[in-house]
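To keep things clear, I will list the structure first and then write my remarks on it.
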Amino acid sequence: MKIAAFRSKPFRTSPIFWMAVLCMMAGLLFATAVMQFRSTAQIGEATEDRIGGTLESLMIDWHLDFYRRFSAICVALQVGPDSGAFDDPTVFRDRYAQWRLGTRTPQLVKNLYIWETSQKTSPELLSLDASTGPPRAAIPPGNFRPLLSRLRSRSGNLYDGLRAWEADSLEISTRKASSQYLTQASDPLTGWQFDQNIPAIVHPIVHHKIRDLVDDPIGPDAIDWIIIVLDIRNIQTKIFPALAVSHFGALSNADYAVAVAVLGNPNRFLYDSFPEGEGTKIDQSDAAMNIFGPPPGSIEDDFWVAVKNANSVKVQNWHHFSSPIWFPVIHYSNVDNPWMLILTHRKGRLEDIAANVRHINLFTNSVILLLLAAGTALVAITAQRAQSYARLQMDFVTSISHELRTPLTAIYSAGENLADGIVEGQSQLRHYGSIITFQARQLIDLVDQVLTFASTRNRGKHDEMSLLEIGKIIDLALQNAQANIQAGGFSVEVDVAPDLPLVEGDQSAIISCIQNLLANAIKYSGKSRWVRVSAQLANKQSEREIQISVEDRGIGIATAELTDVFKPFYRSYQVKAAQIHGTGLGLSVAKEIAEAMGGRISVRSSLGLGTTFTLCLPACTQAVRRTQSEKGIANE
């Protein structure tokens, strides 16, 4: 009977295949990372634009509310290019008084004046209040002088009066655009102009010919001016806080701090909802809006005209923009000091917050991708190792089949000869009996080796620990291997140093470990038929250990394979080519036993010169030896 080993050829993949797979996975992960990065950036930009659009909408609503309070007094006074043939100061006074009774924000206006510039010889400033008293002459406040001088210089006719806001150095193209704006505009607010230094809003009043006066000393085109002085203190303390709460929430709970500043050198804050001591920093604001809008005819003005006409235009940057057209601001020079509505997030700049969130998302996604990449690599490595391990197992099955087949064949042949009566005499009977016994011993050793390997893989420590003498352990190991030594005709040298300290371990396990090293030396010794076993005490970093070496002069091991010889089922290509039978478990079992005893196994070898395996075990201290001796005496 023959024992045949059948196996199907496993699917084997080359390292090039795995490299291609890993490269493909790395490419996919990189593409995913790029798309994730772009997606995160786009989502961040979209979120920022959405928040910016919301802020811009809130700021424009704030502006319209503020503008409505300004425009109410302008509409109520009914001042226009042709406001009536006999509108005198008392008419405007009555309209002003009626407005104060009907409005919810009378604190907006501080005073109302008429600047009679049509009096060529001596212009007069008349003060109007809400009482029924007649207009009275007023002394111009000190900050009125630049405005009154500008208005007087532009009082020659209505056309010049409507363009009083223009600076003398304004470019001709802008003047033409503003003239076109004035001719096209026809609503009740046309002609009002704003002086942000006082602050005040002004409008020219057409001078009409006095009834029944043939020789009117005043020119038919001369104009006067109505001046509405705003109460800046009430605007700062009442109107601005009310608008901030109305449009941006309660100041204590609002996410954004609201400020109104006049830009200049230095900047001047009219209102700031930041707590005192902190203050809004304009260069760190999230959004800023020019409250009084762009001058007519400017690029920004074209933008708002297009919005008003529902034309398709490119959206401006919401971080800094101008409100819809306000009253033209009187420019005394080319230096522009606009009033700005400024929003600042209380936790920092919105761009920084969005960037931090984007960075956190990118970091999180990167970690996830790295974990995914690591998991993919581990799966690939595990798959490759599993395939390699499966291949080793198949090689083990092949090797164990050959190892089983040889003794079984010998036993079967000897038994068959005995059964056929071929054996005659006691000498042949003893010969066949020795064959059967030897081959059975080989089978038992093989089964014991497999069982030992299984037991060392399933448990890390041995239970039967005791103090052992190295000399006796080596003698027992040599006795157990005597049959193989004699059968191979080997010469064994033994060199055990005297007075070696004891070691603590499992006697059967250590003997099995040394036997495996001896069996390995006998199997691969080649033609030298020489093995040397030695034991000595060595110091390793001030800790003593006993080194048991098994040396041969056999075929040796290649340097590249020295780290693989202790792997289960591993057998080198050279050994397979030489058709040296084995299971690939001996050295693996020896390594597992050594590590379970707290030791280690090392190897040094050269091809064609031989190999030396060294088993290192920790030596017991004198204290341990005394304790064990006392226990032995007590037991006796």
For this session: Taking the residues in the stretch 154-204 that are hydrophobic (A, V, I, L, M, F, W, C), under 18 Å from LEU108 (Cβ atoms) and in a loop (DSSP other than H, G, I, E, B) as candidates, determine which candidate is modelled with the lowest pLDDT.
Result: LEU189
Exercise. Could you say whether any residue in the stretch 338-359 is surrounded by 13 or more Cβ atoms within 10 Å (Cβ to Cβ), in a loop (DSSP other than H, G, I, E, B) and modelled with pLDDT of 75 or more?
Worked result: yes
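The values are calculated or read from the model by the stated rules, or taken from the named source; none is laboratory data. Since we're looking at a predicted model, the values are computed, not measured. In this analysis, Cβ positions are derived from the backbone assuming ideal geometry, glycine residues included, and neighbour counts consider all displayed protein chains.
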